[in-house]
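The structure under discussion appears below in the form of structure tokens.
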Amino acid sequence: FDFGPYDLDIVFIYPGDATFELDNLGTISTDGVDIDLMYSGDLDLGWAQGYDLSWTATYMMNYESGSVAGGTADLTGTANGFAVFPEWRWNLGIGVYGEDWTVSYNGRFIGETTDRFRPCYITDDCKAESIYYSDLVGTYTWENIQFNVGIRNLTDEEPAFFHSAFNAETEPGMYDVVGRAWYTGFKVTF
């Protein structure tokens, strides 16, 4: 094909042609159950008009990762230096709202995982313990401006630690490493 100053190469690879053991030929196979429950209703309290309840969960039954050089491993319920694969994760949401305000609570649960690279007979930090975080947020709308204020990790939970973790013995992509944090902001609608 002629694309002016740019070249386009088209390469066809058939399954029998992929024989290089050091290439990026990894696979991931996973299955589990996702649950999503939501309920909302009206309140006749004068100051509050309604409420919302939700529970969203994931139960991982299988997470297999494989490569040509390393074989296949089931990572379900494990943690390694770069990732965490808990069997259970879920979020709980409870909200109450009025005409121009909302208050919401969110609970985040991450199940226990076992360190793949440092078994319990080698170290005492062989498990990333299960953890539960609590968050609160409130909003208030005045004309075309919505103000919000919130707090993440209300109870100031420490992240789950495990010995082989690459980043300060935890996984910042999964666990809250900042601790309790307040935030505020606003949004203007035109």
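The values are calculated or read from the model by the stated rules, or taken from the named source; none is laboratory data. From a predicted model like this one, the values you see are computed outputs, not experimental measurements. Reconstructed Cβ throughout: ideal geometry from the backbone, glycine too, with neighbour counts over all protein chains shown. We work out accessible area using only protein heavy atoms, side chains counted, and drop any ligands, DNA or RNA first. Shrake-Rupley method; radii C 1.70, N 1.55, O 1.52, S 1.80 Å.
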Exercise. Scanning for something open to solvent by 80 Å² or more (accessible area, probe 1.4 Å), at pLDDT 90 or above, within 24 Å of Thr58 (Cβ to Cβ) and touching a strand residue (DSSP E or B) at 6+ places or on another chain (Cβ under 7 Å), does region 159-167 turn up at least one residue?
Worked result: no
Seminar exercise, completed: Restricted to region 71-120 and to residues being loosely packed, with under 15 Cβ neighbours inside 10 Å and of a type in the set (Phe, Trp, Tyr), the residue modelled with the highest pLDDT is Tyr105
For this session: Kindly provide the set of residues from region 121-137 that are modelled with pLDDT under 95 and more than 18 Å from the chain's Cα centre (by Cα), ordered by number.
Result: Tyr121, Ile122, Thr123, Asp124, Asp125, Cys126, Lys127
Problem set entry | Counted residues, region 44-70 - those being more than 17 Å from Val103 (Cα to Cα), open to solvent by 60 Å² or more (accessible area, probe 1.4 Å) and small (Gly, Ala, Ser) | 2
For this session: Show the residue pairs that are 6+ apart or on different chains and have beta-carbon atoms under 7 Å apart, the first residue being within region 27-43 and over 16 Å from Glu87 (Cβ atoms), the second being outside any strand (DSSP E or B).
Result: Asp42/Gln49; Leu43/Gln49
